[in-house]
Amino acid sequence: MVPGNVLMVCLGNICRSPLAHGIFQNLVADQNIKVDSAGTANYHTGAAPDPRSIEIAANKGIDISQQHARQFVVEDFDQFDYIYVMDKSNLQNVLQLAQTEGDRAKVSLLLGNTEVEDPYYGGTDGFAIVYDKIQIACQHILDQWKN
């Protein structure tokens, strides 16, 4: 794999994908890589990340408080080299918008064959678990880029 622009996608773009956006952006801060996040639904367009996501990121030294939710759009396929989704529902929703095989090839689950569970309806502990899973996955992507 070669380095490229990265888009992180979940359902509402307030829990998982903002964390992934912040984590990955922090890891590639010294590189010329565009990192963003989006949701497959427009439930929270313009909203800040969930306070629990902001808190867990801040506890790890990452500020995601200035992010704003947006919905995934077809043009994202042109702007990003890698589109990582959090679960199979997100995967299906993004793939339905793909117009070419090249678009489809850019999309994958962040955790390979495993989903990043949505912590929205749970407590703070769920956000910590999700953070750790995303951190490991993001580091794995960077390790693949180096090889």
- Under unit Cβ charges (Lys, Arg +1; Asp, Glu -1), what dipole magnitude, rounded to 20 debye, does the chain have relative to its Cα centre? 60
- Listing LEU109, LEU142, LEU91 from the residue with the fewest other Cβ atoms within 10 Å to the one with the most, what is the order? LEU142, LEU109, LEU91
- Computed over the chain, the relative contact order (Cα-Cα under 8 Å, seq sep at least six) in percent reads 29
- Net charge near VAL28: determine it from the other residues with C-beta under 14 Å of the C-beta of VAL28, scoring Lys and Arg +1 and Asp and Glu -1. -2
- Message: Counting only pairs 8 or more residues apart or on different chains, how many lysine pairs in the range 6-146 have their Cα atoms under 19 Å apart?
- Response: 6
- Computed over the chain, the ratio Rg/Rh where both radii use C-alpha atoms and Rh is Kirkwood: 0.93
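Bear in mind these aren't lab numbers, they're just calculated from the coordinates by the rules spelled out. Please read all numbers here as calculations on a predicted model, not as lab measurements. Using ideal geometry, Cβ is built from the backbone for each residue, glycine included, and neighbour counts are taken over all protein chains shown.
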